[in-house]
Amino acid sequence: MAILLGFILLVLAAVLVAQLFYRLDKREARRAWRTLAAQSEPAGTFDPAMIADLPEPARRYLSYAIAPGTPLLTTVELRMVGTFVLGEPARHRILAMEARQVLSPPHGFVWMPDIGSKIIRIWGSDGYTAGRAWTRFWLWGVIPVARLAGRGDLALSAAGRAVMEAIWAPASLLPQNGACWQRAGEDAARVSFKVAGRELVATLTLSGEGRPVGISAMRWSNANPQGAFRWQPFGGSIEETGTFDGYTIPTRIEVGNHYGTKSYFPFFRAAIVEARYRR
């Protein structure tokens, strides 16, 4: 009986410690959220003359994405629903997902999902601010599924994500915010940012009217059989767009690792149901 009681007390102590770390993780994510959300300030309104010197595909996209006279706000809060895939192509599980995100490209983001239901329920956050990134997810708020943080490989990978997701904050893609544009084909434009001394690049594929239909990049990632960080293709397709407060953004998207190769496996599918641009 004493052994059983000791075991129960040990389990309870472990659960309490796990709960403490889970709450600390949530507190840090919320603090980072508030910091990003507070840094947005209007920088005038959109005038097509601002992009007159850009390559034609870039002008086409930005003219589609930002209505004339729209306040130039570079921080957005999103609400999304969709699915998230756990596992590898040969053996995986598709889970329902709801998430909130604050995004201020290329400076950072905080993504806070609720993944799964019933037996599997995962909460936590991905984030990148001030050159530091983290990935912290918990099963039922008790068992750590992933708990990583740092400024090295993880931060470089997260910075690449922040650049790609700038399509949800189109004002951040104007030259005045540090974005550099190049023509990448008749219906494609390449945008880059200098982040922590590195040039990070994303390529948008466009329709004739300027609607984004695909996005891709070489991303620093260890999503490969070797588990080694290296530059590898990442991206996906943009299936629908919608307009919020003068910005027309992707509202249905799927993305995954090894985009454009035989190994492509979209693990993230989402529909944006709300977008609020911070003043």
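So the values come out like this:
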read-out	value
Those residues of the stretch 201-236 which are within 21 Å of Glu186 (Cα to Cα) and not in a strand (DSSP E or B), in sequence order	Ser207, Gly208, Glu209, Gly210, Arg211
Only listed residue being modelled with pLDDT of 95 or more and part of a strand (DSSP E or B), chosen from Gly127, Gly87	Gly127
Residue count, the stretch 251-279 (criterion: β-branched (Val, Ile, Thr), surrounded by fewer than 16 Cβ atoms within 10 Å (Cβ to Cβ) and in contact (Cβ under 8 Å) with a residue 40 or more places away in the chain)	1
Candidates Val85, Val145, Val76, filtered to the one that is touching a residue at least 12 places away in the same chain (Cβ under 8 Å), surrounded by 14 or more Cβ atoms within 10 Å (Cβ to Cβ) and within 23 Å of Ile249 (Cα to Cα)	Val76
Residues being in contact with a His (Cβ under 9 Å, 6 or more places away or on another chain) and more than 18 Å from Arg91 (Cβ to Cβ) - total across the stretch 254-279	0
Index of the failed condition, Arg252 passing every other in (1) over 22 Å from Ala169 (Cβ atoms); (2) out of contact with any Phe, Trp or Tyr (no Cβ under 8 Å at 6 or more places or on another chain); (3) modelled with pLDDT of 95 or more; (4) charged (D, E, K, R)	(1)
Candidate set: the stretch 102-122, residues that are assigned to a strand (DSSP E or B) and touching a helix residue (DSSP H, G or I) at 6+ places or on another chain (Cβ under 8 Å); chosen: the one farthest from Val163 (Cα to Cα)	Met112
Selection count, the stretch 174-199, where residues are farther than 10 Å from Pro106 by Cβ and in a loop (DSSP other than H, G, I, E, B)	4
Selected residue (criterion: modelled with the highest pLDDT) from residues of the stretch 4-49 that are touching a strand residue (DSSP E or B) at 6+ places or on another chain (Cβ under 9 Å) and among the polar types (S, T, N, Q)	Thr45
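The values are calculated or read from the model by the stated rules, or taken from the named source; none is laboratory data. This is a predicted model, so every value here is computed, not measured. Virtual Cβ from ideal backbone geometry, glycine too; neighbours counted across all protein chains shown.
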